[in-house]
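A short write-up of the structure that comes next.
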Amino acid sequence: MEEGPFDVLISTDRTLMSNHHGKEFLGFMTTGPPVVLPETLWTAIAAPKIKVDRLGRPLEAPYGLRKIEAALTNAGIRAAVIDPDYLKKHLKSAKVLAIGHHDYFAMGPPSSEWWVLTGKEPVNSKNFRKFIQKPEIKSAKKSGLKIIVGGPAAWQWLWMPEAFEKWGVDTIVEGEADRLIVDLVENALSGKPLPKYVRIGVEGSPKLEEIPLIKHASVNGLVEVMRGCPRGCRFCSVTLKPMRCYTLEMIERELQVNASEGVRRCLLHAEDVLLYGADGIKPRPEPLINLHNIVKKYFNDVCWSHVSLSAVKYAEENSSLITRLSELLLPSEHDMIGVEVGIETGSTRLAEKLMPTKASPYPINSWPEVVKDAFAIMHEARIIPAATIIIGFPGESAEDVMKTTELVEDLREFRSLIVPMYFVPLGALKNKDWYRTKPSEEQMELMKTCLRHDLLWISRISDWYLKDINPLARILLRSVLFSVKKLAEWYRLL
Amino acid sequence: MRRLFLKISAMKGGNPTQERLENAMKLMSRYDQVLISFEGGSVNEIFEILRQMICANVTSTLMVYFGKKTCPEGYDEISV
């Protein structure tokens, strides 16, 4: 391992530089303001400090930062991911600070929604502000440090020109930077002018063989298996990316990195894990079984990032694939896995307009039935969906919202969590008070229906999910859940 | 690979008209890579134009520089 000094430091704030006690879902707590607990305690539960080596390099780091680190070191550049608490000594000699983030200014869902509902700024954007205003960064900036910002939330900087200027950001990079970051950093190191903004389009995205493989462990063993999504939903930018499936050899090499550095779990990441090796949008058993057999060679604790509900239904109905994967991943009847899924709407009218192929290979006018069937399949297979619905789509009518409320009520019997995401149109972000937008009566009713659903299931799910975390964090989380339930009863939401 | 150099320099005499910007955006979509040079204008004004480009789902790779820049070899050139 490179011993420094490093020319390029790669970092982010504490809300992301954490393994969230080994529970990815706890990280979502940083997208809201603290509830019941003081902020320091809230952040300690959601994003505890991560172990570091003697140079301040985290033993696990966000996967995106690991990719940038790999791309730069492959090009012979002295770069390392550094924990935010250990930047100071490295900044004395570093020339570039590369920062990644999922939600710099809490403009993305679900942060934007919690901000709208509570009127309080979420923990993630507060933490980022503290990070970027560190005196050591300010001082290094005066000595010529170049700051490059990227990651999934890079777009937010275009809505924050004052912050861009005030904090001396040199370049915003939007898109898959695995390839282009090398040119940018080489220019920065040789004193050439940097572009202020880069948006990586289809041509600039790395081809499969150009995607670097991580060299050090990722948070909770996250390993990407494919990029892109073929469904083309109009509200999602992932659909603009070309589709690329990692080879099994590439995946195994990253699994080996995580296993050899002591990570004990694996999170397979794709926009739809079930489409790994698929025939278009139809999952195929062989590639998925092969993938999971390889993963199981290294890890017992395996979970998925996202699947689509139509793929769940198709896979089970055509090859009992969900049952087979569940048997492979969950040998004990007490085991379960969680996964994010997108319901988005219960209105077929809106679904036809905004996500016409979301139900494929089933017709989009059967979307509510696809959702219910998929939830039933996952319930049987002990897979817990953490589902999103989107409120406030452009052109959404009160009737559309009521259809979604009906669908959420129909899902009551299935073990799951349903999270409403409040859609903030990009145009609205120009207004500095965008977070003061107020939901309609129907939208509020839908949110209450989701809350009732979640409070019904969360105690049972948390018994399983929190069983092996720090006992103090478990007690505090249970006290938060208890208080939220009591508050909901007090306000007659249940 | 098709490359375009787009010079946006109308800030001093008033921002480029919406029509000219929209025409430029249509043209951009025919290129794989677009190098944009903003001559003049505040960060706020420039970001406003970039936001319009993003909302128009421009899929080319964009490289945006503030300040005067000359058209590199191998690029088509237009001014707005």
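The values are calculated or read from the model by the stated rules, or taken from the named source; none is laboratory data. For clarity, every value in this text was computed on a predicted model and none was experimentally measured. Every residue, glycine as well, gets a Cβ built from its backbone with ideal geometry; the counts of neighbours run over all protein chains shown.
Quick look at the numbers
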| read-out | value |
| --- | --- |
| The stretch A:24-72: number of residues that are among the acidic types (Asp, Glu), modelled with pLDDT of 95 or more and not in a loop (DSSP other than H, G, I, E, B) | 1 |
| Test result for B:ILE8, surrounded by 14 or more Cβ atoms within 10 Å (Cβ to Cβ) and either within 12 Å of chain A (Cβ to nearest Cβ) or among the hydroxyl-bearing types (Ser, Thr, Tyr) (or both) | no |
| Filter pass, A:VAL149 being at pLDDT 95 or above, under 21 Å from A:ALA79 (Cβ atoms) and either crowded, with 22+ Cβ neighbours inside 10 Å or within 14 Å of chain B (Cβ to nearest Cβ) (or both) | yes |
| Members of the stretch A:240-269 found to be touching a helix residue (DSSP H, G or I) at 6+ places or on another chain (Cβ under 8 Å) and farther than 28 Å from B:THR61 by Cβ, listed by number | A:LEU248, A:GLU252, A:LEU255, A:GLN256, A:ASN258, A:ALA259, A:VAL263, A:ARG264, A:ARG265, A:CYS266, A:LEU267, A:LEU268 |
| Residue match in the stretch A:12-32 (condition: surrounded by fewer than 20 Cβ atoms within 10 Å (Cβ to Cβ) and free of Cβ contacts under 8 Å to residues at least 24 places away in the same chain) | no |
| Odd one out for A:ASP85 among (1) modelled with pLDDT of 95 or more; (2) surrounded by 20 or more Cβ atoms within 10 Å (Cβ to Cβ); (3) not hydrophobic (A, V, I, L, M, F, W, C) | (2) |
| All positions within the stretch A:356-382 that are assigned to a helix (DSSP H, G or I) and of a type in the set (A, V, I, L, M, F, W, C) | A:ILE364, A:TRP367, A:VAL370, A:VAL371, A:ALA374, A:PHE375, A:ALA376, A:ILE377, A:MET378 |
| Selection within the stretch A:461-485 - assigned to a helix (DSSP H, G or I) and surrounded by fewer than 12 Cβ atoms within 10 Å (Cβ to Cβ) | A:ASP463, A:PRO471, A:LEU472, A:ILE475 |
| Conditions (1) more than 28 Å from A:LEU477 (Cβ to Cβ); (2) surrounded by fewer than 24 Cβ atoms within 10 Å (Cβ to Cβ); (3) of a type in the set (A, V, I, L, M): number failed by A:ILE50 | (1) |
| Residue pairs meeting the criteria (Cβ under 6 Å; at least 6 apart or on separate chains; first assigned by TED's automatic domain parsing to the domain that holds A:ALA61 and modelled with pLDDT of 95 or more, in the stretch A:259-270; second surrounded by fewer than 17 Cβ atoms within 10 Å (Cβ to Cβ) and not in a loop (DSSP other than H, G, I, E, B)) | none |
| Some residue of the stretch A:326-345 being of a type in the set (A, V, I, L, M), touching a strand residue (DSSP E or B) at 6+ places or on another chain (Cβ under 7 Å), under 13 Å from A:VAL273 (Cα atoms) and assigned to a helix (DSSP H, G or I) | no |
| Residue list for the stretch B:30-62, restricted to those being facing chain A (nearest Cβ under 7 Å), part of a strand (DSSP E or B) and surrounded by 21 or more Cβ atoms within 10 Å (Cβ to Cβ) | B:THR61, B:LEU62 |
| Output for the stretch A:439-449, where each listed residue is touching a residue at least 60 places away in the same chain (Cβ under 8 Å) and either within 28 Å of A:ASN220 (Cα to Cα) or not in a helix (DSSP H, G or I) (or both) | A:PRO439 |
| Selection within the stretch A:86-142 - closer than 19 Å to A:GLY392 by Cβ, outside any helix (DSSP H, G or I) and in contact (Cβ under 8 Å) with a residue 60 or more places away in the chain | A:ASP103, A:ALA106, A:MET107, A:PRO109, A:PRO110, A:GLY119, A:PRO122 |
| Any chance A:GLU316 is of a type in the set (Asp, Glu), assigned to a loop (DSSP other than H, G, I, E, B) and either more than 30 Å from A:GLU249 (Cβ to Cβ) or modelled with pLDDT of 95 or more (or both) | no |
| Residue tally, condition under 10 Å from A:TYR104 (Cα atoms) and in a loop (DSSP other than H, G, I, E, B), over the stretch A:143-159 | 3 |
| Strands (runs of 3 or more DSSP E) contained in the stretch A:182-284 and holding at least 1 residues within 14 Å of chain B (Cβ to nearest Cβ), buried (at least 21 other Cβ atoms within 10 Å of the Cβ) and among the hydrophobic types (A, V, I, L, M, F, W, C) | A:197-199 |
| Residue match in the stretch A:306-320 (condition: among the hydrophobic types (A, V, I, L, M, F, W, C), more than 21 Å from the chain's Cα centre (by Cα) and surrounded by 21 or more Cβ atoms within 10 Å (Cβ to Cβ)) | yes |
| Residue match in the stretch A:377-385 (condition: hydrophobic (A, V, I, L, M, F, W, C) and at pLDDT below 85) | no |
